[in-house]
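These notes are about the structure you will find just below.
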Amino acid sequence: MLDKRLYHHLVAWLGQWPPRQPMAVVGSERRTLPGWDGKIHPFLGVGSPATGTVLSAPLPRVPGLRALVDLPTEDLLAKVPAAVGTPDREAFLGVFRWSTDPAPFADAGEWVPVDDPVVPEWLRVFAPEVLIHRDPETGAYLAGVGIKRHDKHGNEISVGTEPEARGKGLARRLVAQAARRILDEGAIPTYLHDVTNIGSGKVADNAGFPHRGWSFYGLED
C-alpha cells in the first residue's frame, strides 16, 4: 500500500494520482505558479511500474503533450520542451525514490541558516536553513544537503560533496539525517537523480532510499 504522505504529495505536486491510464497527462495550476525555489516548473512527471505515469503541465499545454504519449521515451523527451512552451530547455528521465526508514547512521552535520558565511552559493536557495558538514580541524565546508519543500506532504533532498571529501560516506550520512528530520516534521522524504548518475544512486541506496522502479520526468534548468 502506498504511504499516505507520498500519495498526498503526488496528488498535490502533479495534480492527480494514481494515473487513470498507462500515461496520463493532467493540467495543473501548480505548473504555472512558483515552486519551492520561486521558479515556475511547467512540466514534471512521476511513473510507477505498478500503476503508470502522470505527466503534469499547464492546462493549455495538455493537448499538445497528450499527442506525444505514444512515442518512444527518447522521442517523447525530445518533443516535451516545445510542447510545454520551453523549446530552449531539455527534458530528462530520472529515478524517483522515497524513504520511510532512513539508514541509522550517526548524524554527520549541523543545521545552519542559509546566510551563514560558510554555506556555498548552490545551497543558498534552500532557505531557511541547510544541513552541512564542516572539516573538524579547519571549519571549512565539505558537504551539504538542501531540502526542496514542495508541499507539507513531500520534501525532496539534494546533496553535494566537495571533491576532496568524496568517498568518505558523508553524503549518505547527511541524506539519512535530513530524511529523519523530514519524517519527524510529518512529510515523506524523496530523492531524485538522473538515470545515468550511478554515484547518486549509490548514495540513495546506502541512505535508505531503495530503487523501486519509479521514474521522474523533468526539465533541465
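The values are calculated or read from the model by the stated rules, or taken from the named source; none is laboratory data. Note that this is a predicted model, so its numbers are computed, not measured. With ideal geometry, Cβ positions are generated from the backbone for all residues, glycine too; neighbour counts draw on all protein chains shown. What goes into the accessible areas is simple: the full protein's heavy atoms, side chains included, and nothing from ligands, DNA or RNA. Shrake-Rupley method; radii C 1.70, N 1.55, O 1.52, S 1.80 Å.
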Within-13-Å neighbourhood charge of LYS168 [Cβ basis; K, R +1; D, E -1]: 0
Rounded accessible area of ILE182 (nearest 10 Å², 1.4 Å probe): 0 Å²
Stretch in the chain that is longest and holds no trypsin sites (Lys or Arg not before Pro) that DSSP places in a loop and that have at most 15 other beta carbons within 10 Å: 40-123
Heavy-atom surface of the chain, accessible at 1.4 Å and reported per residue (Å²): 49 Å²
Once exposed loop GluC sites (Glu not before Pro) are cut out (DSSP; at most 15 other Cβ, 10 Å), longest piece of the chain: 1-89
Proximal charge balance of GLU74 [Cβ under 15 Å; K/R count +1, D/E count -1]: -3
Where chymotrypsin sites (Phe, Trp or Tyr not before Pro) fall in DSSP loop in region 83-123, at most 15 other Cβ within 10 Å: none
Rounded percent of accessible protein surface that carbon and sulfur make up, the chain, 1.4 Å probe: 52 percent
Relative contact order of region 40-94, pairs being alpha-carbon contacts under 8 Å that are 6 or more residues apart, as %: 26 percent
